[in-house]
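Every number here is computed from the coordinates shown, using simple stated rules; none is lab data. Just so it is clear, the structure is predicted and the values come from calculations on it, not from any experiment. Ideal geometry is used to build each Cβ from the backbone, glycine not excepted, and the neighbour counts take in all protein chains shown.
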Amino acid sequence: MATTQYEVLAAKTGASAIELVAKTYGINDWGFGYFFINDKGNLAVAPSQDRSRSIDVKAVVDDLIRQQHSTPFLLRFPQILDDRLEALHGAFRNAISEFGYTGRHLGVYPVKVNQKSEVVQRLVDAGRRYQYGLEVGSKAELIAALAMPLAEDALVVCNGLKDDLFLRAALLAEKLGRKTVIVVEDGDDMKLSLALGDKLGITPHMGIRVKLYSRGSGKWEESGGEFAKFGMSTIALVHTLKILREQGKTKLLKMLHFHIGSQITNIKSAKQAVKEAARVYAKVRKMGFDVEYLNVGGGLGVDYDGSKTASEFSVNYSVQEFVNDVVYVIKEVCDGEGVPHPTIVTESGRAMVSYHSLLVSDVKKVVAPGRSSLYSIDTIKSESEPVQELIDLAQAINSKNFREYYHDAIQHREDLNSLFDLGYLDLDEKAKGEWLFWRICRHASRVSRSMKPRPEEFDDLDRLLSSKYLCNFSMFQSMPDFWAFDQLFPIMPIHRLNEIPTERGVLCDITCDSDGSVDKFVDLKDVKEALELHRIEEGEPYYLAFLLLGAYQETLGDLHNLFGVVTEVSVVVGPNGRPLVKKIIRGNSVREVIEYTGHDTAELRDALAKRLAERKQQGRISDDDEHEVLATVARVLDDYTYLV
């Protein structure tokens with residue numbers, strides 16, 4: 001007889017366990033063709049969206065464990081970066097051909113989205129055939145970008161505020177054969193750039209960042225619009241154009257730059273902003289400035305929850321639709337104004353790198369309300385009246401009386417606590433009553449799922465019954481946007497996906513911080529407050545994957561509780577179609593994170609040794625004690641910061 005919602009659904013639809021589990025986690029909705037559940041019931045990655053050439057994540061993790069590596073791991077799939085580059089540039093090729101656009105498209109990767117050398121290097125290497133460039137916003141990013149083997153026609157776009165040395169390095173990049181565009185935020189920056197160019201005898205390629213009245217949509221919409229942090233207003237733009245004209249340097253203005261907003265959720269907002277940007281470009285061209293590049297910035301979003309809607313965790317458009325609108329709108333405005341079609345520059349970052357990495361952690365412990373093997377409903381006995389009442393309720397509860405019995409159980413639990421507070425009940429009796437109460441709650445929750453509609457009190461009960469799965473990771477290091485912005489990421493087990501999950505839980509990290517928990521999860525129609533999980537089997541590891549972490553998470557992470565950077569592993573599909581681990585970068589040791597915070601580990605060890613010597617001299621410890629403490633300290637300093 002079908003008893004769970006999954007069994008009922010399976011009986012109605014004939015779906016397999018894997019199909020039902022895939023629906024539970026929404027992997028076919030947000031996975032974008034890169035992630036799926038294979039026949040073994042494991043999470044698999046298809047870097048080119050070809051399932052015949054895929055990577056079994058559980059098999060990779062098992063191999064790493066055999067090699068004495070410890071979770072958490074950040075798994076990179078660099079071939080996904082290749083695929084995202086081809087998707088973006090292929091979409092522009094299609095749109096340019098379809099609409100008869102006479103300009104071209106150049107992409108640049110905004111380094112701030114993920115500055116890791118493995119990521120930037122791979123994008124540069126794979127992007128050479130597209131003349132793919134880089135966007136930088138600091139001196140550090142600029143130096144890293146200039147050292148990359150960029151294609152001859154690739155751009156290096158310098159954004160943000162700049163000091164003299166930043167400008168000098170950007171100008172001198174011409175000596176390296178780099179095509180650098182210095183984008184300024186106000187007229188003073190323009191004057192400084194022109195003056196320094198004259199001093200160095202270098203003709204700079206200048207750009208102006210302009211604020212739009214239009215702005216994007218979604219969680220980061222405030223980063224665009226007329227009150228945005230960066231960019232010139234129309235008044236400042238006209239003033240800066242006047243400076244260029246007065247100095248006879250109108251030909252130096254090569255780019256107009258616009259930032260619509262990060263993670264644009266609604267295509268309508270993007271179209272309106274691009275239309276305004278194209279209009280500004282056309283008017284500047286008609287004023288006698290031969291602007292070559294129209295930089296529409298980033299904004300191309302990622303569907304984190306798979307809903308394909310304009311919600312803050314999704315987008316209501318495809319890559320091709322987004323690109324079609326950009327190309328068509330710019331062409332339409334330019335044709336109407338009678339100006340040349342510009343080279344379209346895009347700075348898509350999130351859409352390039354989000355899919356390429358995931359975090360794997362193992363569950364160290366599960367804390368579930370009232371679960372214990374200490375008692376059995378058939379053998380539990382008590383002389384306390386509230387406990388006796390709870391025994392009767394637990395034995396007699398069924399699908400017809402569960403709501404009444406649940407309410408009775410709440411009252412008896414209050415009586416139980418009152419008696420304990422007054423000193424009339426011992427701990428053993430209180431523990432029996434607690435165990436019985438939670439048993440009744442779990443039964444009532446399970447049976448209530450067949451109610452249509454289901455009373456809200458049982459949704460609240462589900463939240464109370466959610467187990468806490470303690471996972472070996474730091475949310476502050478690996479998922480900082482969840483803590484800071486409530487950004488949701490898909491999360492699911494990497495194995496046992498041919499088994500129906502029977503538990504519901506929230507995830508807690510190993511930091512000593514109450515904020516270190518994940519209690520909101522992606523869902524197709526809503527946000528879930530608990531995640532479907534499996535019962536932990538004694539002695540068997542249980543691994544979870546935190547997906548779509550490639551954008552912003554890695555370099556935004558902090559050292560809360562001095563948990564450091566995790567071990568990184570790059571995995572590709574080899575020529576024979578089998579997974580191949582290309583590179584392993586060990587995560588931070590305890591020594592590294594301590595020294596990062598300014599401590600000198602040699603001085604720390606000397607201080608400990610001095611303290612031990614004093615206690616040994618006092619006769620409180622032996623030579624063996626001293627050696628054991630110092631040896632343990634040495635081992636700790638060289639160990640992984642996470643649980644091993």
Fill in: Cross-link pairs beyond the 19 Å C-alpha cut-off, checked among LYS179/LYS286; LYS112/LYS271; LYS112/LYS582; LYS275/LYS331; LYS211/LYS308
LYS179/LYS286; LYS112/LYS271; LYS112/LYS582; LYS211/LYS308
Worksheet item: Where nothing but the Cβ of Lys and Arg (+1) and of Asp and Glu (-1) is charged, how large is the charge dipole of the chain around its Cα centre, in debye to the nearest 20?
Response: 2820
Response to the item:
Sparse-neighbourhood loop hits (trypsin sites (Lys or Arg not before Pro), region 553-644; DSSP loop; Cβ within 10 Å at most 15 others) -> ARG586, ARG620
Worksheet item: Under 15 Å Cα-Cα from LYS283, which aspartates and glutamates qualify once same-chain neighbours fewer than 8 residues away are excluded?
Response: GLU292, GLU332, ASP335, GLU337
Worksheet item: What are the residues whose amide H is under 5 Å from the amide H of LEU106, where those residues sit 5 or more places off or on another chain and H is modelled from the backbone?
Response: ILE344, VAL345, THR346
Worksheet item: Hey, what do the phi angles of region 335-348 turn into as Karplus ³J(HN,Hα) couplings, whole Hz, using 6.51/-1.76/1.60 and θ = phi - 60°, x for Gly and Pro?
Response: 5, x, 8, x, 10, x, 6, x, 6, 7, 10, 10, 10, 6
Worksheet item: For ILE96, ILE235, what's the fewest-to-most ordering of other Cβ within 10 Å of each Cβ?
Response: ILE235, ILE96
Item to complete: At a Cα cut-off below 18 Å, give the lysines reachable from LYS365, other chains included and same-chain residues fewer than 8 away excluded.
Response: LYS468
Worksheet, complete the sentence: Which residues qualify? For PHE489, with a placed amide H closer than 5 Å and at least 5 residues away or on another chain, they are VAL522
Discussion item. Checking the a/c ratio against 1.5 first, then a/b against b/c, what shape does the Cα gyration tensor give for region 562-630?
Written reply: prolate
Practice prompt. Assign one of three labels to region 591-637, namely rounded, prolate or oblate, based on the Cα gyration tensor with a ≥ b ≥ c the square roots of its eigenvalues; rounded applies when a/c is under 1.5, prolate when it is not and a/b is larger than b/c, and oblate otherwise.
Written response: oblate
Worksheet item: Per the Cauchy relation, a quarter of the hull surface: what is the mean projected area of the convex hull of the alpha carbons in the chain, in nm²?
Response: 38.5
Worksheet item: When DSSP assigns beta bridges and you keep just the ones with both residues in the chain, what percent turn out antiparallel, to the nearest 5?
Response: 50
Fill in: Nitroxide proxy distance, nm - points 7 Å out along Cα→Cβ at SER52 and SER372
5.8
Worksheet, complete the sentence: In nanometres, the difference between 0.36 nm per residue of separation and the alpha-carbon distance of LEU608 and SER117 is 173.0 nm
Response to the item:
For the chain, the charge dipole (Cβ of Lys, Arg +1; Cβ of Asp, Glu -1; about the Cα centre) points to a positive end, and the Cα of GLY299, VAL345, GLY574 closest to that extreme belongs to VAL345
Item to complete: Once you have a ≥ b ≥ c as the square roots of the Cα gyration tensor eigenvalues for region 83-214, tell me rounded if a/c is under 1.5, and otherwise prolate or oblate according to whether a/b is larger than b/c.
Response: prolate
Worksheet entry | Gain in span if fully extended, THR203 to HIS239, counting 0.36 nm per residue against the direct Cα distance | 10.8 nm
Fill in: For TRP435, TRP30, TRP483, order by how many other beta-carbon atoms lie within 10 Å, fewest first
TRP483, TRP435, TRP30
Worksheet item: What's the angle, to the nearest 10 degrees (0 to 90), between helix 267-286's Cα axis and the longest principal axis of the chain?
Response: 20
Worksheet item: Gain in length, ASP519 to HIS627, computed as 0.36 nm per residue apart minus the alpha-carbon separation, to one decimal in nm?
Response: 34.4 nm
Worksheet item: What trypsin sites (Lys or Arg not before Pro) does region 22-70 have in DSSP loop regions with at most 15 other beta carbons within 10 Å?
Response: LYS40, ARG51
Worksheet entry | Set of region 292-310 residues, backbone N closer than 11 Å to the point 7 Å along the Cα-Cβ line of GLU321 | 308-310
Discussion item. Please list, ordered by chain and number, the residues whose modelled amide H lies under 5 Å from the amide H of LYS364; skip anything fewer than 5 residues away on the same chain.
Written reply: LEU470, CYS471, ASN472
Worksheet item: Cross-link list LYS23/LYS58; LYS139/LYS175; LYS162/LYS254; LYS191/LYS251; LYS23/LYS583; LYS23/LYS525: which exceed 24 angstrom alpha carbon to alpha carbon?
Response: LYS23/LYS583
Worksheet item: So which aspartates and glutamates can LYS381 reach, going by Cα to Cα under 12 Å and dropping same-chain residues fewer than 8 places off?
Response: GLU389, ASP392, ASP428, GLU429
Fill in: Ellipticity estimate at 222 nm from DSSP helix runs (n ≥ 4, -39,500 (n - 2.57)) divided over the chain, nearest 500
-13000 deg cm²/dmol
